[in-house]
Structures are given as structure tokens and as C-alpha cells.
Amino acid sequence: MTESNSPATDNLRYLQYDISKEEEYLPSIRALIGKDLSEPYSIYVYRYFLNQWGDLCFMTLDPSSVLIGVIVSKLEPHRSGTFRGYIAMLAVVDKYRGQGIATKLVRMAIDAMKERNADEIVLETETDNAASLKLYERLGFLRSKKLHRYYLNGNTAYRLILYLKPGTGLKRPERDEAGMAAVTDEMYG
Amino acid sequence: MDPKMDSGFLKPGETLDDNYDVSRALLPEEVVGIMDQLLCYEVAWHHGYPLSQTLFTSIYIDRLLWPPSDCLSDAQFYRGIRPMGLHPLLDVLRSYCIALIKCCDLTIEKVTSRDYYEEEDFSTHTYNRSLLHTVPHDKVLELLRSSIEWLSNSRNRRPSEVHRTSRELEEALINRLTFRERMLLAVAPEQEILDLAAVWPAVSAALPPLEATHSLGRPVPDSFSEKIQRRLASTVPPRPTVDFTFAAAYTKLVQLCKDCEDALRVLEITTESPQEHLSFIWMFSSRKPAPLAYARSCLSSVFLARTTEGFEQLIQTDLSEFVFPADPVLDPVNFTLEAAQSSFAPQDKRLAMATIINEFTGRAAPQYFDMWNSLCQNRCRTRRMICNNIPFIDDLQFATEQLDDELHDLTHTMRYPLSTWVYHMKLRMVEWVVQLGFEQEVYLPDELAGMYWWLSQVASLRASVIEQVYNHLSRRHEILSNGGEIEKAETIRTTQAFVKALMYEATGTGALADAMYALYMRLHYLQLVPILSRPYSESSLRYELRMKPFLRLNPPQIPTFEAFEEATRMPSGSQDDVFAKYDVEGSVKEAKEAWAALKRLGARAAKSEVVQAAWEKNLASTIQSCIACGIAASTISNIPKDAGTGRVKEMFQVEIPGEGKRYHDWWVVPKIKRN
Ligand SMILES: CC(C)(COP(=O)(O)OP(=O)(O)OC[C@H]1O[C@@H](n2cnc3c(N)ncnc32)[C@H](O)[C@@H]1OP(=O)(O)O)[C@@H](O)C(=O)NCCC(=O)NCCS
């Protein structure tokens with residue numbers, strides 16, 4: 001991508017989502033993320049994440065406050081026994097891509113999850129999404145497994161994981177928390 | 001309103017009904033066109049897409065299934081009284097559709113009879129529609145046959161009137177019904193085992209005429225509708241129809257038939273030998289393109305359909321193929337003895353041994369089943385399921401040591417035979433996890449050195465375990481032949497050959513892994529492999545994540561992080577020293593020798609006779625990988641001593657080939673070009 005046809009990135013603003021801003025931002029978040037999905041999520045999926053973990057969602061706005069990038073995540077105890085962060089959605093407007101915007105958003109999400117004591121952060125991405133794999137792997141994520149036909153459109157995914165604390169791999173399920181977290185992962189992964 | 005989001009809603013003026021008239025007369029070319037389109041959808045469904053996006057978009061299929069009818073005669077394109085003057089070709093189409101639906105019903109039954117993963121492998125959702133489940137398949141066969149007969153007779157009846165093209169078309173229709181008949185027979189449940197081998201070749205033979213006459217058909221796109229999805233009981237919004245071209249579907253169908261045929265070659269394994277089956281299943285699941293869920297279920301429904309006792313028996317056979325050939329421990333007589341009535345009477349040692357073995361096989365059966373079951377899944381699942389199974393095998397080994405002690409008091413066999421058998425299986429599983437990781441491109445380029453280093457350690461460890469077994473067998477062989485027990489000695493000889501094959505495989509794996517490790521270390525030294533900076537992660541945490549499936553194993557204990565770091569740290573020092581330390585050439589030589597020795601031993605000794613061709617090809621690809629590794633090493637030798645890093649980088653192009661672009665998917669040999 002050449003400098004000339006990509007918009008300048010110096011006047012961009014990054015900010016944390018807040019539920020009080022739902023009316024202002026939710027429609028554009030849906031539009032931005034829905035654009036690259038073959039199967040759009042229902043509004044409940046967005047609210048599921050944003051209403052509970054708005055502080056783990058970050059947005060990039062252009063100088064005229066138009067949303068050009070967003071990351072949506074959550075953090076909760078997982079049935080494996082870890083306190084697990086999960087990046088559910090990430091998107092940057094086409095013409096702003098390749099300038100490190102997504103990288104910055106992911107960094108902000110990781111920092112926020114670290115701050116909140118996450119053991120690990122996981123996500124899934126399609127095996128042929130080169131941009132996504134590159135940006136996560138450059139930051140330190142490893143592929144942990146391949147998921148055959150993971151998406152509804154039949155595409156295969158990698159699960160990527162970043163450990164934040166030693167001993168994460170040795171954690172074990174705590175009985176009473178079994179189930180729930182896993183179910184939601186399957187639903188929205 | 002976002003139309004993509006809300007595609008379940010109707011546009012203004014739109015109705016749920018399609019205006020297509022299913023009772024309209026069809027031209028024969030239209031019937032061919034519809035049948036071929038249905039075939040494309042059937043194949044797409046076999047590939048994992050739901051019926052709603054494939055076959056259930058057909059208005060004809062919809063009419064047959066809805067409203068539901070209990071008996072075959074009610075499943076018509078109309079409900080109630082047969083409309084006057086219904087075109088007879090509609091009956092032909094109906095027979096085809098009914099048989100197609102029955103095929104789907106039987107396919108679902110087969111796939112769901114074993115473990116499978118909904119949507120990932122296959123979609124069994126029928127949206128509350130019964131796919132003629134209660135209709136016996138022979139009734140459907142009758143229907144098909146009567147349509148074939150009708151077409152054949154009409155052909156004979158009016159030879160002069162019939163236009164040449166419609167002659168061809170009638171033939172094309174017969175071809176399609178014949179194919180459907182054979183397909184139905186192939187998926188039918190009550191096949192005699194002996195007939196099974198013949199059913200798929202018969203389907204395959206019916207395919208070429210379909211391809212040859214496809215161009216005669218005329219598509220009837222109006223008879224398919226995405227709207228039907230909205231009437232199906234489903235929680236997901238309608239999704240686009242999955243369209244395979246006829247050419248693509250045809251190729252995939254040919255492959256499916258071949259895979260089913262080859263899956264059933266498992267029946268050619270006449271012994272109960274688990275090791276023969278293991279080889280068979282690996283060779284089958286390594287095929288490219290990967291066999292579909294249905295083909296895999298053909299294999300697993302033969303092999304996995306055993307009772308727990310069946311698996312316990314299989315473990316005994318497995319033991320007899322490794323640690324206990326012709327061994328008194330497994331003497332069938334032992335298992336027929338009854339416990340002495342009085343507790344004062346001395347217990348029969350043979351009975352005691354049988355009790356120990358029974359306890360062991362009883363305990364091991366669930367884990368043993370899990371191992372086989374994971375090998376029958378799609379490859380991604382296989383890797384993940386083995387990861388999950390390994391800790392249980394570890395527990396099993398620990399628990400088995402006590403049984404070994406008890407056994408030792410009763411017989412002079414090798415030390416720890418049962419736990420040795422478990423240990424060997426566990427080490428093999430660890431190797432599989434790592435090798436499937438290479439295959440599935442789970443490891444990034446700068447992780448390869450470390451993962452081959454670990455693989456090399458595991459395989460070498462396994463080789464040493466096998467060596468103990470081999471030595472034990474050698475001793476027994478000597479004793480038995482000296483004692484004139486020729487038959488038993490011979491059994492041990494055969495087992496020794498197999499154990500030797502295992503040994504070559506383990507040493508070959510270890511040595512080649514070592515060569516790969518050394519090669520990547522040299523490449524790191526020359527800075528020819530990109531290393532990611534990873535600002536958010538520490539190498540110790542990455543090591544923990546990589547080793548997660550093995551963290552708790554004991555044995556083998558995973559290397560400490562310090563040892564791993566020592567082994568994979570960027571080499572420093574003079575090039576000569578570094579190249580001497582990371583001896584690619586020596587390890588390649590060792591690897592080649594081991595694989596060549598395995599080749600000489602042959603498929604039969606390696607218990608891979610039924611899949612001999614695939615076994616040989618696999619071996620040849622492995623040997624190719626050894627050679628390529630050696631060539632890669634020699635390409636980067638002879639670098640002028642004064643060449644700085646910058647110049648070295650300019651001198652070479654290093655490409656890490658992805659899955660499918662390697663000689664063997666387990667050996668990621670870099671392609672290096674000197675500019
Ligand atoms: C993935 C996505 C968020 C990346 O946004 P971005 O702001 O362009 O990302 P960054 O600039 O931070 O980093 C992307 C990197 O991938 C590289 N890249 C982009 N396309 C690539 C391709 N086809 N092959 C290889 N690398 C590619 C970029 O050049 C950049 O690397 P660089 O910094 O070395 O040049 C964006 O492409 C997007 O919105 N895609 C659609 C939605 C999506 O796929 N989301 C992720 C699903 S989890």
C-alpha cells in the first residue's frame with residue numbers, strides 16, 4: 001500500500017467503549033464488523049459483549065469522529081480453569097488498513113486484559129486470513145490448534161493463544177464453573 | 001433494515017410460496033437437468049453443508065417430504081388424488097428423488113452411528129422432516145427398478161417414433177436411475193460383509209455415463225428455491241445455497257466412491273492384528289483430499305463397532321504383537337480356569353496371570369478405544385483428541401506398574417511388560433501430536449527448530465524402549481529354539497521382525513528430526529529464518545503453551561525451559577564451529593540408513609501388507625525428505641568466511657513450504673535457493 005492513497009493516521013483517536021455510548025457507536029460498530037462477515041451477527045451478540053465488557057472494547061475514530069476500527073473482547077473464567085480473555089471481533093475500514101491500526105487496537109485490548117489479571121488471551125481466525133495471522137503472531141500469539149470447518153461458511157480456523165502468566169498451562173478446571181464459559185465461546189467464536 | 005441481516009423477512013409483496021408448478025409436464029432434458037442439480041447438492045451436503053442450503057432447496061424434494069406422509073405411496077408431488085394426466089416422467093423424477101432421500105436417510109444413520117462432529121464433519125439436521133426413515137430401502141429399490149423398466153419398455157415400444165435425441169435422453173435417465181440404485185445398495189444397512197467390497201466399485205462404474213450425458217440436460221433453476229429455508233424449523237437465518245458446479249461435484253463424487261471402496265479394504269485384513277489396522281487407518285486418513293465423514297464412517301463402523309470385551313481382546317492381541325508373543329502369560333488356557341473353591345488351596349499361577357491381564361485390559365480399554373477413535377476423526381480433531389488422551393494414558397501407565405510387579409512374581413518375563421506397552425503407545429501419541437502439528441502448520445518458522453528438537457528426543461526415547469523389548473524377545477527366542485520349541489520360536493521371530501520395523505521407524509524419525517533441528521539451527525545462525533519480535537510474550541510462556549499437552553507427563557518429563565532455551569538459542573561462534581556442532585550430514589546419514597533398513601524389511605514385516613502401496617509411497621516420501629534436508633544443508637555450506645549477515649541474506653532465498661507442498665507433510669524441509 002502506498003502512502004499516497006492511504007489516509008493519514010496522525011489525527012486518529014483511540015477510545016474505550018462505554019455502554020452510555022451505545023446509541024452513538026453500536027450501529028457503526030455493527031456496520032464495520034458486519035461488512036467483512038459472511039454471516040452477520042445479531043444485535044444480541046454485540047450487546048452480549050459490549051454490555052458486559054465494554055471496557056475491553058476499543059475504537060478508532062478519524063478526525064471527523066467516524067468509526068474506522070474496532071476490537072471487541074471479553075474476559076471471564078474458562079472451564080479449563082484459566083481466567084481467559086477472548087478477542088471476538090476486530091475490523092478496520094478498508095482504506096485504513098495496513099497502517100498498524102488493528103495492531104494498536106489489539107495492544108490496547110491486551111493491556112486492558114493484563115491489567116485485569118488475565119491468564120491468557122485466545123481467539124480464532126481463518127487459516128487464510130494472512131493479515132490477521134500476521135498481526136497477532138507478530139505480537140506473540142501462537143497457533144495452538146487447527147479447527148476443521150470452524151465457520152458456518154465451511155472455512156477452517158486456527159486458534160491463537162497468548163499466555164500472560166506462568167503456570168497457565170497447568171491450571172485445572174474448577175468444578176463449579178464448568179460449562180458456561182465454554183458454551184458462550186462456541187456460540188460466538 | 002439490513003437485507004443481509006434480515007434475510008428471513010419477506011420483502012413487501014413477497015410471499016412464502018414459490019410459484020413453481022410441480023405437476024407441470026417436464027421434458028426429458030429437464031428431468032436430467034434437475035437430477036444433475038440434485039446430485040451437485042447431494043455432494044455439497046456430503047462435504048458438510050446443511051440440507052437447508054443444498055437438497056432441501058428443491059421444490060420437488062420439499063413436496064415429497066412436506067406435509068409429512070407415513071407411507072411411500074403418500075410421498076407424492078401432489079397430496080390427495082392423483083391429478084389427471086400427470087406426465088409419466090414425473091414418476092421417473094419421483095423415483096429418483098425418493099431414492100435420493102432414502103440415501104440421505106441411510107447416510108445419516110451410518111455417520112451418526114459413530115462419533116462425528118455436527119457441521120464440522122457433516123450436517124445431519126433434517127429440520128423435523130423424516131427422510132422416509134420408516135420406508136424399507138427395498139421398497140425404494142422396487143420403485144427405482146420399475147421406473148427403469150418403464151423407460152426401457154417405452155424405448156422398445158416405439159423405436160421409430162422416438163427422436164434420436166430423446167433416445168439418448170432416455171438412456172441418460174436410465175443411467176441416472178441405475179446410478180441411484182447402486183448408490184442405494186451401497187449405503188443400505190444389511191449388506192453382507194462379503195458383498196461390501198463389491199458395492200462401491202459398482203457405484204463407481206455407474207458414474208462415467210453421468211458425466212458423458214450431463215450436457216444433454218437442461219437446468220430448471222425455478223424448481224429450486226432458497227425461500228424453502230424459511231419454512232424449515234431452524235434457529236439460524238436463511239443462508240445462501242451452496243453451489244458446486246457439476247464438474248466439481250462429479251470429481252468429488254468419484255473421490256467419495258473411491259474412498260468408500262478403499263475404506264472397506266479394511267476387511268482384507270484377515271488377522272485381528274491391531275498393528276495392521278493401525279497402519280491401515282493412518283494410511284487411509286492421510287489420503288488427499290481428506291476422506292469425507294461418510295467414507296470415514298465406513299471404516300470406523302467396521303473397526304470401531306466392537307464391544308468393550310472386543311477392545312479388551314484387541315489389547316491382548318496387541319500385547320502378543322509386542323511384549324508377549326507366544327508367552328505363557330497370554331496362554332488361552334489361563335483364561336478358562338476357575339478359581340479354587342477353598343481359599344486354603346494354592347492358587348493356580350496361570351489363573352493369577354489371567355486375572356492380572358483381565359484387570360489390565362479392563363482398565364486400558366477406554367483409553368485404547370479413545371486412541372482408535374481419535375484416529376478415525378478428521379485430522380484436526382485427531383490431533384486435538386490425542387492431546388486430550390495423552391494424560392489419561394499417562395495415568396494408565398502409572399497404575400499399570402503395580403500390575404507389572406504382581407506379574408513379575410508369577411513369571412519370568414521382562415520387567416514391566418504391560419507398562420512398557422503403554423509407554424510405547426504414549427510416546428507414539430506424543431510424536432503424532434508434534435508431527436500433525438507440522439502437517440497442520442501449527443508451528444511458525446522460528447518454532448521449527450525447537451519442535452524438531454523435542455520430536456527427536458521423544459523418538460529416540462521410544463527407540464530405546466523398543467530396544468528393550470527387542471532384547472527380551474531375542475532372549476526368549478534363544479531359549480525356545482534351544483529347547484526345541486520350534487513353533488513358538490517362529491512366532492517370536494515374526495514379532496521380532498515387526499519390533500525391528502518399529503525400531504527403524506523410531507530411529508529414522510529421531511535422526512531425521514535431529515537433522516531438521518540442526519538444519520534450522522544453521523539457518524538461524526545465518527539469520528535466514530525470520531524471527532518474530534513478539535513484544536507481548538516471553539519465550540518461557542511460549543514454551544509452556546507449546547508443551548501444554550505434555551506438561552504433566554512422567555515419563556517422559558519434558559525438558560526444562562533452560563534446556564530448551566540452551567538447545568534453541570541463536571548459535572554464536574565461528575561458522576565452522578557452529579556447523580560442526582549442528583551436524584545435519586551425520587543425522588541425515590543415520591536417518592537414511594534407518595529408513596532404508598525399514599524398506600528392506602518390507603511392508604509385510606511392518607504389518608502394512610494390505611496398504612503396501614501407500615506404505616511404500618509414504619516411506620519413499622520420507623526418504624525424499626531426508627535427501628532434501630541434506631541438499632538444503634549443502635546449499636548453505638561453502639559460504640565465504642568473510643560474508644557478513646547482510647551478504648548471506650542476499651545470497652539465499654529460503655522458502656518454508658506449506659502443507660501439501662512438501663515431500664512429506666511431517667517434514668518441513670525448507671527450500672533454499674542460492675542466488
Ligand atoms: C485484519 C485487519 C483487522 C487488519 O487491520 P490493519 O489495521 O490493516 O492491521 P495492521 O496494519 O495492524 O497489521 C496488518 C499486517 O498484515 C499485513 N497484511 C495485510 N494483508 C496481508 C496479506 N494479504 N498477506 C500478508 N500480510 C498482510 C499488513 O501489511 C500488516 O503488516 P505490516 O505492518 O508488516 O505491513 C483488517 O484487515 C480487517 O479489518 N480485516 C477484515 C476483518 C478481519 O479479518 N478481522 C480479523 C478476524 S479475527
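The values are calculated or read from the model by the stated rules, or taken from the named source; none is laboratory data. Note that the coordinates shown come from a computational prediction; the quantities given were computed from them, not determined experimentally. When we count neighbours, we look across all protein chains shown, and the Cβ atoms used for this are built from the backbone with ideal geometry, even at glycine. Note: areas computed on protein heavy atoms with side chains; ligands, DNA, RNA excluded. Shrake-Rupley method; radii C 1.70, N 1.55, O 1.52, S 1.80 Å.
Side notes on the structure shown:
- Subset of the range A:25-34 (residues that are farther than 16 Å from A:THR125 by Cα and either more than 9 Å from chain B (Cβ to nearest Cβ) or in contact (Cβ under 8 Å) with a residue 60 or more places away in the chain (or both)): A:TYR25, A:LEU26, A:PRO27, A:SER28, A:ILE29, A:LEU32
- Residues that are in a helix (DSSP H, G or I) and more than 16 Å from the ligand (Cβ to nearest atom) within the range A:5-34 comprise A:ILE19, A:SER20, A:LYS21, A:GLU22, A:GLU23, A:GLU24, A:TYR25, A:LEU26, A:PRO27, listed in sequence order.
- Residue among B:ILE492, B:ILE479 that alone is open to solvent by less than 10 Å² (accessible area, probe 1.4 Å) and assigned to a helix (DSSP H, G or I): B:ILE492
Quick grid of which residues meet (1) open to solvent by less than 10 Å² (accessible area, probe 1.4 Å); (2) on the phi < 0 side of the Ramachandran plot:
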{"site": "B:SER23", "(1), (2)": "no, yes"}
{"site": "B:LEU26", "(1), (2)": "yes, yes"}
{"site": "B:GLU30", "(1), (2)": "no, yes"}
{"site": "B:ILE34", "(1), (2)": "yes, yes"}
{"site": "B:GLN37", "(1), (2)": "no, yes"}
{"site": "B:CYS40", "(1), (2)": "yes, yes"}
{"site": "B:GLY48", "(1), (2)": "yes, no"}
{"site": "B:LEU55", "(1), (2)": "yes, yes"}
{"site": "B:SER58", "(1), (2)": "yes, yes"}
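- Flag for B:ASP262 being of a type outside the set (S, T, N, Q) and surrounded by fewer than 16 Cβ atoms within 10 Å (Cβ to Cβ): no
- Checking each residue in the range B:628-653 for being under 30 Å from B:TRP595 (Cβ atoms) and surrounded by 14 or more Cβ atoms within 10 Å (Cβ to Cβ) picks out B:ALA628, B:CYS629, B:GLY630, B:ALA632, B:ALA633, B:THR635, B:ILE636, B:ILE639, B:PHE652.
- Qualifying residue in the range B:355-374 (condition: open to solvent by less than 40 Å² (accessible area, probe 1.4 Å), polar (S, T, N, Q) and over 21 Å from B:ARG296 (Cα atoms)): yes
- Condition broken by B:VAL422, with the remaining ones in (1) crowded, with 22+ Cβ neighbours inside 10 Å; (2) of a type outside the set (S, T, N, Q); (3) within 22 Å of B:ALA563 (Cα to Cα) satisfied: (3)
- For the range A:92-104, residues that are more than 6 Å from the ligand (Cβ to nearest atom), within 13 Å of A:ALA131 (Cβ to Cβ) and within 14 Å of another protein chain (Cβ to nearest Cβ) total 0.
- A:LEU37 vs. criteria within 16 Å of the ligand (Cβ to nearest atom) and free of Cβ contacts under 8 Å to residues at least 24 places away in the same chain: yes
- Qualifying position, being more than 14 Å from chain A (Cβ to nearest Cβ) and under 17 Å from B:GLY217 (Cβ atoms), among B:LEU55, B:LEU65, B:LEU51, B:LEU39: B:LEU39
- Of all residues making up the range B:606-620, the number that are open to solvent by less than 20 Å² (accessible area, probe 1.4 Å) and assigned to a helix (DSSP H, G or I): 1
- Counted residues, the range A:151-160 - those being modelled with pLDDT under 95 and within 8 Å of chain B (Cβ to nearest Cβ): 2
- Number of residues in the range A:76-92 that are assigned to a strand (DSSP E or B), buried (at least 21 other Cβ atoms within 10 Å of the Cβ) and out of contact with any Pro (no Cβ under 9 Å at 6 or more places or on another chain) equals 8.
- Taking the criterion of being in contact with a Phe, Trp or Tyr (Cβ under 7 Å, 6 or more places away or on another chain) and over 28 Å from B:LEU619 (Cα atoms), the only residue of the range B:635-674 that qualifies is B:ARG674.
- Scanning the range A:126-135 for residues that are of a type in the set (S, T, N, Q) and near the ligand (Cβ under 10 Å from one of its atoms) yields A:ASN129, A:SER132.
- Conditions (1) within 21 Å of B:ASP446 (Cα to Cα); (2) near the ligand (Cβ under 7 Å from one of its atoms); (3) among the charged types (D, E, K, R): number failed by A:ARG138: (2)
- The range A:113-125, subset within 13 Å of another protein chain (Cβ to nearest Cβ) and open to solvent by 20 Å² or more (accessible area, probe 1.4 Å), residue farthest from the ligand (Cβ to nearest atom): A:LYS114
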